[in-house]
Amino acid sequence: MFANPRKILIGLALLAIALAAPAFVYPVLLMKVLCFALFASAFNLLLGFAGILSFGHAMFFGSAAYVSAQTIKVLGWPTELGILAGGAIAAVLGLVVGALCIRRKGIYMTMITLAFAQMLFFVFMSAPFTGGENGLQPVPRRAILGMIDISNDRVLYYVVLAIFLAGFGLIYRVIHSPFGQVLKAIRDNEPRAISLGYDVDRFKLIAFVLSAGLSGIAGATKAVIFQLASLTDVHWGMSGEVILMTLVGGIGSIFGPLLGAAFIVGMQNQLAGLGEWVLVVQGLIFMTLVMVLRAGIMGLMSDLSRWVSKLRASR
Amino acid sequence: MSDESILETRGLTKAFGGFTAIKDVDLKVRRHGFHALIGPNGAGKSTFFNLITRFLTPTEGTILYKGQDISRVKAARLPDLGILRSFQISAVFPRLTLLENVRLALQHGKGVSYRFWQNETSLNELNDRAESLLADVGLGGRGAEPAGTLPYGSKRALELATTLAFEPELMLLDEPMAGLGTEDIGRIADLLEKASHGRTILMVEHNMHVVARLCDRITVLARGEVLAEGTYAEVSSDPRVIESYVGRSDAA
Ligand SMILES: Nc1ncnc2c1ncn2[C@@H]1O[C@H](COP(=O)(O)OP(=O)(O)OP(=O)(O)O)[C@@H](O)[C@H]1O
Ligand SMILES: [Mg+2]
C-alpha cells in the first residue's frame, strides 16, 4: 500500500505544488485553505469513518481559537504552545461531549452536539474574555520556537503547511491503523462489530476525541493566521460549513475534504465581490453539486479515471 | 462429561411494555451438542437469542454459561468468554475486503485494536491464517474482493469464516439458512457440520431438513414459551407441536 510508486509520485507532486504555491497565490488564502482542509479532514474522520454526524464541530474549532488567542495575546505564551493548548482544550471538550452523545443514535446524537455548540456560543458571546462582537485581536505573531519569525505571511505559510501535514498525516495513519480497521467495521455493521467483541462506544469516543483535538489545532492555527478569534469561529454556521466541505469533497474519502475545503474557500474568495448575494450563489452551487455528485468531487474524479482507463482498454 | 450443560437459562423472561415476548423459559444446552430452537414466526426465537447474547436485557431470570451468571455481562465481552453469535440477516462488513472481514476476528485476540498510531501493515502477519479460513469455506483466493459485492450465499460463508476465526466454544446462529437457495443450504450445512466437531452450537432454524440432518436436540418455542423438547423424531410427532404449526399459513 505504501510501496505503490504511483502514489509516492502523486504525493511528491502535491508536495512540490504546496511548496511552490505562495509564489502564485496570496499566502493568507492558502493558509485559510490549509486550516479548513485540516478541519474538514478531522470532521471526516468522524463522519466518514465512524459514521458519527456532528453538527457542532464549530465548538472545537472556535473554542481552540479563543484559547490560543487568549494564551498568546493575554498570557504571553509562545505561539506553538498556544496552538497546542487550543488543541488540548478542544480534545477535552470532545471527551465530554463525545461521552454524552455517542450512546445515542442518529439524529439524537447530532442534536446533542448542536445543543452543546449553541450553549458554548452563548457562553462565549456573553463572557468578558472573548471580546464579544469584536473578538480577541490582534493576536501577536510571536516567533515559533523563538527562532522562526512568522510576521511575514510567506514564512507563516510554511509553518502552517507543516502543521497541516502533521495533522493530516495523523488522520491518514489513524484511518490505516488496526484501530481504523475496527472503526470502519463499526461504520459498516455495528451489531456485528459488537458481536466480535469490540467495545464500540470506546472506539467511537477515541475517534471523537481525536477529531475534536485536530479540529482544535485547525481553529487555533486560524487564530494565529488572522490574528483574530471571533464569534464566527464558534457560530453554528461554521459547523455547517465544515459539513458542506466534506459533502462537496466526498464523505469517507481521505482526500475529499481537502478538495472540498479548497473549493469552498476558493469560491468564497472569488464571489466576495457579490456582497449579500454570495450566500444565494453559494447555496445554488451546493445544491447542484450535492445533487449531481453524490460521492462529491472525489467520486467524480474516480468515475472519470475509471472512464479513461475503460476508454484506453477498448482501444 | 458430555451430559453437562454449557449454557442454561432459568426462568428467563422478557417483556416489551405490556407484551411478554419470552415467558419463564428454562433451557439447557449440552456441551458439544447441536441444539435447534424452532417455532412459528413471532414465537420469540430472536428475542431469546438477543437475551442470551446480551443484545437485550432480561426482565427476569438468569443465564448461566459454564455455571457463571452472564445475564448482566456486556455483549462485547461474550467473545472473550468463548461465545460468538451470528444474525438473522447476514452480517459482513460490506466496504471491507473478505480478508479484512476475517482479520477483524483475528485482530481482536492480538490486543492491538486501540493502536491508532500503528500502521495497519502490522496486521499482515494474520493474512495467512485469514486466507486459510477463507479457503475452508470455499472463498479461497478471493481475499482482496470487497465483501459487499458477494452473492448472499457467499456472504453467509464469509460470516461463518469470521465466526470460526474466533474458535468459539459456543456458537449461536440465528437462521443461518434464511434467504439461501437449495445449493447454498447444502454447502452451509456441510460447513456447519464440520464446524460442530468439538464445539457447541445453538441454532434457530426454520428449515426442517437442515434441523433433522444436523441437530441432536430440538426445543420448540411458541408464544414465548417452551412447547416441547426432544429429538427430531420425538418433537415432530408431538401433537402440540403439529398443532402449533398447522393452522398457520407459514407452516415450515
Ligand atoms: N423490541 C421489541 N419491542 C416490542 N416487541 C417486540 C420487540 N422485538 C420483538 N417483539 C415482538 O416479540 C415477538 C417475538 O419476536 P421475535 O423476533 O423474537 O420472533 P421470532 O421467533 O424470531 O420470529 P421469526 O421467525 O419471524 O424470526 C413478536 O411478536 C415481536 O413483534
Ligand atoms: Mg427471528
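The values are calculated or read from the model by the stated rules, or taken from the named source; none is laboratory data. Computed from a predicted model, the values in this text were never measured in an experiment. Cβ atoms come from the backbone with ideal geometry, glycine included; neighbour counts cover every protein chain shown.
General remarks:
So that you can scan it fast, the table gives a plain yes or no per residue for (1) away from ligand 2 (no atom under 16 Å from the Cβ); (2) of a type outside the set (Ser, Thr, Tyr); (3) within 15 Å of B:Ile22 (Cα to Cα); (4) not assigned by TED's automatic domain parsing to the domain that holds B:Ser244:
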site: B:Ile38; (1), (2), (3), (4): no, yes, yes, no
site: B:Gly42; (1), (2), (3), (4): no, yes, yes, no
site: B:Lys45; (1), (2), (3), (4): no, yes, yes, no
site: B:Leu64; (1), (2), (3), (4): yes, yes, no, no
site: B:Val73; (1), (2), (3), (4): yes, yes, no, no
site: B:Thr97; (1), (2), (3), (4): yes, no, no, yes
site: B:Arg103; (1), (2), (3), (4): yes, yes, no, yes
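- All conditions in (1) more than 16 Å from ligand 1 (Cβ to nearest atom); (2) crowded, with 19+ Cβ neighbours inside 10 Å; (3) within 29 Å of B:Glu183 (Cβ to Cβ) hold for B:Leu78, with the sole exception of (3).
- Looking only at segment B:16-29, residues that are more than 12 Å from ligand 1 (Cβ to nearest atom) and surrounded by fewer than 17 Cβ atoms within 10 Å (Cβ to Cβ) come to 2 in all.
- Of the residues screened, B:Ser113 is one that is assigned to a loop (DSSP other than H, G, I, E, B), away from ligand 2 (no atom under 16 Å from the Cβ) and in contact with a Phe, Trp or Tyr (Cβ under 7 Å, 6 or more places away or on another chain).
- Close contacts from segment A:82-93, counting a first residue that is on the phi > 0 side of the Ramachandran plot and a second that is modelled with pLDDT under 95, with Cβ to Cβ under 7 Å and a gap of 6+ residues or different chains, come to none at all.
- Among the residues listed as B:Asp216, B:Asp174, B:Asp238, the single one being more than 16 Å from ligand 2 (Cβ to nearest atom), under 26 Å from B:Val25 (Cβ atoms) and touching a Phe, Trp or Tyr at 6+ places or on another chain (Cβ under 6 Å): B:Asp216
- Any hit, segment B:199-213, residues being among the acidic types (Asp, Glu), within 16 Å of ligand 2 (Cβ to nearest atom) and touching a residue at least 40 places away in the same chain (Cβ under 8 Å): yes
- Matching option when the condition is away from chain A (no Cβ under 14 Å), small (Gly, Ala, Ser) and within 16 Å of ligand 1 (Cβ to nearest atom), among B:Gly179, B:Gly140: B:Gly179
- Enumeration of residues in segment A:279-306 that are surrounded by fewer than 16 Cβ atoms within 10 Å (Cβ to Cβ) and in a loop (DSSP other than H, G, I, E, B): A:Arg294
- B:Arg85 fulfils the conditions (1) surrounded by 21 or more Cβ atoms within 10 Å (Cβ to Cβ); (2) basic (Lys, Arg); (3) more than 16 Å from ligand 1 (Cβ to nearest atom) except for a single criterion, (3).
Yes/no matrix, rows are residues, columns are (1) more than 17 Å from A:Ser41 (Cα to Cα); (2) in contact with a Gly (Cβ under 6 Å, 6 or more places away or on another chain):
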| position | (1), (2) |
| --- | --- |
| A:Gly249 | no, yes |
| A:Gly252 | no, yes |
| A:Leu258 | no, no |
| A:Ala261 | no, no |
| A:Thr288 | yes, no |
| A:Ser305 | yes, no |
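- Checked across segment B:138-148, the condition of being touching a strand residue (DSSP E or B) at 6+ places or on another chain (Cβ under 7 Å), closer than 18 Å to B:Arg217 by Cβ and hydrophobic (A, V, I, L, M, F, W, C) holds for no residue.
- The residues on offer are B:Tyr232, B:Tyr152, B:Tyr245, and the sole one that is among the aromatic types (Phe, Trp, Tyr) and in contact with a Gly (Cβ under 8 Å, 6 or more places away or on another chain) is B:Tyr152.
- Residue within segment B:24-31 that is within 16 Å of ligand 2 (Cβ to nearest atom), in a helix (DSSP H, G or I) and of a type in the set (A, V, I, L, M) present: no
- Residue count for segment B:87-102, restricted to those that are facing another protein chain (nearest Cβ under 8 Å), farther than 27 Å from B:Leu56 by Cα and not hydrophobic (A, V, I, L, M, F, W, C): 2.
- Checking each residue in segment B:33-65 for being away from ligand 1 (no atom under 13 Å from the Cβ), assigned to a loop (DSSP other than H, G, I, E, B), away from chain A (no Cβ under 14 Å) and in contact with a helix residue (DSSP H, G or I) (Cβ under 8 Å, 6 or more places away or on another chain) picks out only B:Pro58.
- Condition check for B:Thr9: touching a residue at least 24 places away in the same chain (Cβ under 8 Å), among the polar types (S, T, N, Q), more than 14 Å from every other protein chain (Cβ to nearest Cβ) and buried (at least 22 other Cβ atoms within 10 Å of the Cβ): yes
- Hey, B:Glu4 of a type outside the set (S, T, N, Q), closer than 21 Å to B:Ser196 by Cα, over 19 Å from the mean Cα position of the chain (by Cα) and more than 16 Å from ligand 2 (Cβ to nearest atom) or not: yes
- For A:Ala16, the conditions (1) without any contact (Cβ under 8 Å) to a residue 40 or more places away in the chain; (2) within 30 Å of A:Pro178 (Cα to Cα) all hold with the exception of (2).
- Selection status of B:Gly230, within 16 Å of ligand 2 (Cβ to nearest atom) and of a type outside the set (A, V, I, L, M, F, W, C): no
- Elements of type helices (runs of 4 or more DSSP H) in segment A:126-224, at least 2 residues being more than 10 Å from every other protein chain (Cβ to nearest Cβ) and within 28 Å of A:Met31 (Cβ to Cβ): A:153-175
- Considering residues of segment B:159-171 that are surrounded by fewer than 21 Cβ atoms within 10 Å (Cβ to Cβ) and more than 9 Å from every other protein chain (Cβ to nearest Cβ) only, the residue farthest from ligand 2 (Cβ to nearest atom): B:Glu167
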